[in-house]
1. Using label points projected 7 Å from each Cα along Cα→Cβ, tell me how many nm separate Lys154 and Ala136, to one decimal.
2. What does the charge count around Ala99 come to, taking other residues whose C-beta lies under 14 Å from its C-beta (Lys +1, Arg +1, Asp -1, Glu -1)?
3. Around Ser153, which amide H atoms from residues at least 5 apart in sequence, or from another chain, sit under 5 Å from its own amide H, with H modelled in the peptide plane?
4. With the cut-off at 1.5 for a/c, could you classify the stretch 152-210 from its C-alpha gyration tensor as rounded, prolate or oblate?
5. Where a ≥ b ≥ c are the square roots of the eigenvalues of the C-alpha gyration tensor, would you call the stretch 108-210 rounded, which needs a/c under 1.5, or, failing that, prolate if a/b is larger than b/c, or oblate?
6. For Thr102, what residues show an amide H to amide H distance below 5 Å, using hydrogens built from the backbone and excluding near sequence neighbours?
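Where a number appears in this text, it was derived from the coordinates with a stated rule and is not lab data. Every value quoted in this text rests on a predicted model; they were computed, and no experiment measured them. So basically every Cβ, Gly included, is an ideal-geometry build from the backbone, and we count neighbours across all protein chains shown.
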Amino acid sequence: MKRVLVGMAALAAAFGLVACSGGTAGSASGGGAVPAAASVPTSSASAPASSSAPATSSSPASTSATPTPKPTPKPAPKPQPKADPEPSADVPCAAAAAASGTSACVDISGHRAWLLQDGKVIYGPVSMLPGRKGHATPTGTFHVLSKEKLHLSKQFDNAPMPNSVFFYPGDAFHTGSLKVYSHGCIHLSATSSLRFFNTLHVGDVVQVVP
């Protein structure tokens with residue numbers, strides 16, 4: 001009796017399998033014998049892992065380096081202004097001090113001479129000797145008449161008069177002895193006469209005071 005019951009139970013189980021699979025017990029096309037899990041794709045068929053993609057950088061590598069600061073150039077030194085000419089307070093020549101441009105002042109009694117630029121002393125005082133007794137240097141306000149680098153005096157046997165600057169007919173600043181009085185000219189040292197010659201121009205004021 002027990003064997004009959006066991007057989008009936010096995011038969012009932014076989015019919016149950018056929019009913020769930022949707023096909024006959026001996027058919028393989030229905031796939032009833034394949035577990036449901038077999039139809040689900042495995043994880044091995046999924047998209048490649050993101051680690052296989054080439055790595056990218058959000059910013060260039062050079063931006064991570066700190067730029068070297070450029071040295072600050074030093075400003076060029078400012079040119080120093082030239083010193084102003086000395087005031088003409090001690091110059092006894094009012095007309096020469098009031099003249100525009102270059103001018104000359106001669107102090108007969110003081111044996112001194114100056115060069116001025118717009119009323120300011122630019123050279124002097126320097127030593128000078130005027131005309132001797134009987135040949136006095138004329139006093140007053142004059143103007144440069146002419147210039148001659150090496151004048152030869154016909155009146156005195158072609159005596160040389162270097163750096164001559166004539167301010168009165170026959171009388172001039174020129175290189176001469178500072179121990180021997182002239183015949184009316186203004187004797188200057190070689191250095192001073194060259195400065196007078198190079199500075200004064202025809203028409204410039206020359207004032208000679210007693």
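1. Placing both labels 7 Å along Cα→Cβ, they lie 2.9 nm apart.
2. In short, -1.
3. Counting only residues 5 or more places away or on other chains, the set is Asn158, Ala159, Met161.
4. Cα axes put the stretch 152-210 in the rounded bin.
5. Because its axes are fairly even, with a/c under 1.5, the stretch 108-210 counts as rounded.
6. Asp118
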